[in-house]
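Right, one structure below, let's go through it.
Please treat every number below as a calculation from the coordinates, not as lab data. For clarity, every value in this text was computed on a predicted model and none was experimentally measured. Here the Cβ is made from the backbone with ideal geometry for all residues, glycine too, and neighbour counts use every protein chain on show.
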Amino acid sequence: MTLATATTRSGRTRPHGGPGGSRRRDGATWFLVLPALIPILILSVGPLLYGIMLAFTDAQSGRTRSTRWIGVLNFQDLLHDTLFWDSFRIGLLWAVGVTVPQFVLALGLALLLNANLRMRWLARALAIVPWAMPEVVVGIMWRLVYNPDAGILNETIRDLGLGDGRDWLTGLATALPAVIVVGVWAGMPQTAVALLAGLQNTPDELHEAAALDGAGAWRRFRTVTWPAIRPVALAISALNFIWNFNSFALVYVLTSGGPGGRTRLPMLFAYEEAFRYGQFGYAAAMGCVMVAVISVLLAFYLVGRLRGGEDA
């Protein structure tokens, strides 16, 4: 049949595509998707598969070395590597220590920026400045802030008569908290912008109705504001946790994992194994473990989102 339409038993006409038309539509769809899919395959999926393959080999630096397939030996060594599991614990402390205060402060900032204040546009523009700065620049700037001799933090402590200050980034007790402060400062604007978008999508009529019913500020937040921004809050918190757990550049610039490994995150540990000691296979196995952990976290998040959608 060559007609563009076919007549049904009821007399109506419908498009007659046939298998050929369906194949043409599929081909056109793939043609449109390929420009976005090819970079992902080349820059993300390809290196990921290559890294997984390396994890099962004894690949090391050196052109003359031959690479052998050793199966799960790298993963067996990881199970008994206390340094790796210490870095994993530090990574979890870092991720939680940054994500939680980051969210609390960002929520307060979003509520403030959503209020009807003068020069609100300027405050919103200034609030995203830390987010726009590269992590390397942020790290260098905060190294100057924490400088033990001429840093603004120690100078302020001395001017207030609170002591002589300290070397924040090299102290065993202060290095990780100091780095966490920088992580919170650098990532808070992104969270605030996401929460602000959720707040702006909340109808003002709901707040007005709650106020007319005699609800105070806290009750309005709990019954009106929070239910409206809860999906955004859960999404941005999950993404922040994953992003923070995978952090590398900021901590590398600030402390390079020191002192004494107190800020050695899993990504830093894998980097050192690969590019300082040349153990590419062993570092790839670490990467596989971290990918597995992130995949499990994503699975829990997606299941929670699906259940939340069903309950709604």
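Quick notes on this one:
- Taken one residue at a time, the phi angles of the stretch 135-142 give Karplus couplings (6.51, -1.76, 1.60, θ = phi - 60°) of 4, 5, 5, 4, x, 5, 4, 6 Hz. Gly and Pro are set to x.
- For Thr57, the amide hydrogen comes within under 5 Å of the amide hydrogens of Ile70, counting only partners 5 or more places away or on other chains and with H modelled in the peptide plane.
- In Hz, Karplus ³J(HN,Hα) per residue of the stretch 266-278 (6.51, -1.76, 1.60; θ = phi - 60°; x = Gly, Pro): x, 5, 5, 5, 5, 4, 5, 4, 7, 9, 9, 9, x
- Mean ellipticity per residue at 222 nm, deg cm²/dmol - from DSSP H runs of n ≥ 4 across the chain, formula -39500 (n - 2.57): -21000 deg cm²/dmol
- Here the simple spin-label model places points 7 Å from the Cα toward Cβ, and for Ile157 and Thr64 these points are separated by 5.2 nm.
- Rg and Dmax over the alpha-carbon atoms of the stretch 168-246 stand at 17.5, 55 Å.
- Cα gyration tensor shape of the stretch 74-204, rounded if a/c is under 1.5, else prolate or oblate by comparing a/b with b/c: oblate
- Restricting the calculation to Cα atoms, the stretch 57-100 shows an Rg/Rh of 1.21 when the hydrodynamic-style radius is the Kirkwood one.
- Evaluated at q = 0.15, 0.20 Å⁻¹: base-10 log I(q)/I(0), Debye formula over Cα of the stretch 225-312: -0.69, -0.95
- What the Cα atoms of the stretch 41-144 give is an Rg and a Dmax of 22.4, 67 Å.
- Applying 1/(1 + (r/R0)^6) with r as the Cβ-Cβ distance of Asp213 and Val137 and R0 = 45 angstrom yields a FRET efficiency of 0.40.
- Among the trypsin sites (Lys or Arg not before Pro) in the stretch 116-212, those placed in a DSSP loop whose Cβ has at most 12 other Cβ atoms within 10 Å are Arg118.
- Computed log₁₀ I(q)/I(0) - Debye formula, equal Cα scatterers, no solvent, the stretch 123-173, q 0.22, 0.23, 0.30 Å⁻¹: -0.82, -0.84, -1.02
- A Gaussian network model of the chain, with springs between Cα atoms under 10 Å, assigns the largest mean-square fluctuation among Thr170, Thr225, Thr255 to Thr225.
- Largest to smallest principal axis extent of the C-alpha atoms in the chain, angstrom: 92, 75, 33
- In the chain, the sites counted are chymotrypsin sites (Phe, Trp or Tyr not before Pro) in DSSP loop states with at most 14 other Cβ atoms within 10 Å, and the longest stretch holding none of them, exclusive of the sites, is 1-247.
- Residue-wise HN-Hα coupling along the stretch 110-123, computed from phi with Karplus coefficients 6.51, -1.76, 1.60 (Hz; x: Gly, Pro): 5, 5, 5, 5, 7, 6, 7, 10, 6, 6, 5, 5, 5, 4
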